[in-house]
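In what follows, a single structure is set out as structure tokens and then discussed.
The values are calculated or read from the model by the stated rules, or taken from the named source; none is laboratory data. Note that the structure is predicted; figures quoted are calculated from it, not measured. Positions of Cβ are generated from backbone atoms using ideal geometry, with glycine treated the same way; all protein chains shown enter the neighbour counts.
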Amino acid sequence: MAKLIDGKLISKQIKDELKVEAAKLKEAGREVTLAVIQVGNDPASTVYVGNKKKACDYIGIRSLAYELPESTTQEELLKLVEELNDRDDVDGILVQLPLPSHIDEDTVIRTISPKKDVDGFHPQSVGALSIGQKGFVSCTPAGIIELLKRSDVDIEGKECVIIGRSNIVGKPMALLMLRENATVTICHSRTKNLKEVAKRADILIVAIGKPEFVTSEYVKEGAVVIDVGIHRCDNGKLCGDVLFSDVEPIASAITPVPGGVGPMTIAMLMHNCIDAPNIRQD
């Protein structure tokens, strides 16, 4: 039976460590501040923004909330982002995605200062990661690295297969695993013999966006399986990209959904916020 990798527990450990760091910064006269912008009232976005505010309160990070109507123009949003870029009392800026269809997400991401890009989505942040320079790292991949390390999973020299090539998870995940000296293969919808390739993995990271897509046929006996997906299944329960009941008996360790990768994303966002004053000074 696989060891369950408990993202709730590990994210709590990280948040408790960050709480201490935030208190030290406050003592030194530096209150870390995150500005969160939400355009429209997408229900899932509202839940995520609420969770981010709760995490800020817990750690001791000041949060500024900008809840803008759906009708907000791109120009108005960019003007607000630029104002926040210029404010010395704001360390991080987060624009909750997705945005309404009349606003170009890429333009908004590029407008956020790379020194305040706590989501790690700006091309400059991605470029810094790819060449091993200091900068913000996308929160979900950074959280997966912490899950592995804090669960005593040795990454160095291991064969890692990532299913999914998105800019937010798949690509930065590959770069981070390379940084940890894994041998990395990225698979996607056009990969031939996907089952055979996935079955080579000592560490299998699944971010394909399809409910319960990965079964035991994709998984090598004793592999570590990280499930990034989250979906509402037909029975109304949450499930991931991995068919948990089928894969868990043959994996050595596995993340559940919910309670695996999800809590780590917010924990690493908080980590980026605490790191932001250092990055701004460089």
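Given the structure, is Val20 part of a helix (DSSP H, G or I) and surrounded by fewer than 17 Cβ atoms within 10 Å (Cβ to Cβ)?
On the way: part of a helix (DSSP H, G or I): yes; surrounded by fewer than 17 Cβ atoms within 10 Å (Cβ to Cβ): yes.
Yes; evaluated as a whole, the condition is true for this residue.
So, in the stretch 225-282, exactly how many residues are among the polar types (S, T, N, Q) and more than 18 Å from the chain's Cα centre (by Cα)? I'd like the intermediate steps shown before the answer.
Of all residues in the stretch 225-282, those among the polar types (S, T, N, Q) come to 235, 245, 252, 255, 265, 272, 278, 281.
When the remaining residues are screened for being more than 18 Å from the chain's Cα centre (by Cα), the result is 235, 245, 252, 278, 281.
Of the residues in the stretch 225-282, 5 are among the polar types (S, T, N, Q) and more than 18 Å from the chain's Cα centre (by Cα).
Out of all the residues in the stretch 160-167, is one or more closer than 23 Å to Gln124 by Cβ and surrounded by fewer than 18 Cβ atoms within 10 Å (Cβ to Cβ)?
Yes, there is a match, as at least one residue in the stretch 160-167 is closer than 23 Å to Gln124 by Cβ and surrounded by fewer than 18 Cβ atoms within 10 Å (Cβ to Cβ).
Exactly one condition in (1) among the hydroxyl-bearing types (Ser, Thr, Tyr); (2) closer than 30 Å to Leu25 by Cβ; (3) free of Cβ contacts under 8 Å to residues at least 60 places away in the same chain is not met by Thr265; state its number.
(3)
So which of Asp6, Asp42, Asp57, Asp16 is of a type in the set (Asp, Glu) and either in the same structural domain as Leu148 (by TED's automatic domain parsing) or touching a residue at least 60 places away in the same chain (Cβ under 8 Å) (or both)?
Working: Asp42 fails: either in the same structural domain as Leu148 (by TED's automatic domain parsing) or touching a residue at least 60 places away in the same chain (Cβ under 8 Å) (or both); Asp57 fails: either in the same structural domain as Leu148 (by TED's automatic domain parsing) or touching a residue at least 60 places away in the same chain (Cβ under 8 Å) (or both); Asp16 fails: either in the same structural domain as Leu148 (by TED's automatic domain parsing) or touching a residue at least 60 places away in the same chain (Cβ under 8 Å) (or both).
After applying the criteria, what remains is Asp6.
Can you find, within the stretch 184-224, the residue that is nearest to the chain's Cα centre (by Cα) among those that are among the polar types (S, T, N, Q) and either more than 24 Å from Val153 (Cα to Cα) or not assigned by TED's automatic domain parsing to the domain that holds Ser166 (or both)? Please lay out each step first, then the result.
First, pick out the residues of the stretch 184-224 that are among the polar types (S, T, N, Q): 185, 189, 191, 193, 215-216.
Restricting the remaining residues to those that are either more than 24 Å from Val153 (Cα to Cα) or not assigned by TED's automatic domain parsing to the domain that holds Ser166 (or both) gives 189, 191, 193.
On the way: Ser189: 22, Thr191: 24, Asn193: 28 Å.
For the stretch 184-224, the residue satisfying everything is Ser189.
Residues that are modelled with pLDDT under 95 and closer than 30 Å to Lys15 by Cα: find the helices (runs of 4 or more DSSP H) completely inside the stretch 180-282 holding 3 or more of those. Before you say what the answer is, go through the steps one by one.
On the way: elements: 194-198, 244-247, 261-281.
Result: 261-281.
With in contact with an Asp or Glu (Cβ under 8 Å, 6 or more places away or on another chain), surrounded by 15 or more Cβ atoms within 10 Å (Cβ to Cβ) and within 18 Å of Pro263 (Cα to Cα) as the only criterion, which of Ile5, Ile10 stands out?
Details: Ile5 fails: in contact with an Asp or Glu (Cβ under 8 Å, 6 or more places away or on another chain).
On inspection, the qualifying residue turns out to be Ile10.
Give the stretch 239-282 a look and list any residue that's farther than 15 Å from Lys116 by Cα and among the charged types (D, E, K, R), or say none. Before you say what the answer is, go through the steps one by one.
If we filter the stretch 239-282 for residues that are farther than 15 Å from Lys116 by Cα, which is where we start, we get 239-267.
Answer for the stretch 239-282, where residues must be farther than 15 Å from Lys116 by Cα and among the charged types (D, E, K, R): Asp241, Asp246, Glu248.
Within the stretch 168-182, restricting attention to residues that are closer than 21 Å to Ile109 by Cα and in contact with a strand residue (DSSP E or B) (Cβ under 7 Å, 6 or more places away or on another chain), which residue is surrounded by the fewest Cβ atoms within 10 Å (Cβ to Cβ)?
Gly170
What do you reckon, is Val137 touching a residue at least 60 places away in the same chain (Cβ under 8 Å) and under 18 Å from the mean Cα position of the chain (by Cα)? Working first, answer last.
Details: touching a residue at least 60 places away in the same chain (Cβ under 8 Å): yes; under 18 Å from the mean Cα position of the chain (by Cα): yes.
Spelling it out, Val137 is indeed touching a residue at least 60 places away in the same chain (Cβ under 8 Å) and under 18 Å from the mean Cα position of the chain (by Cα).
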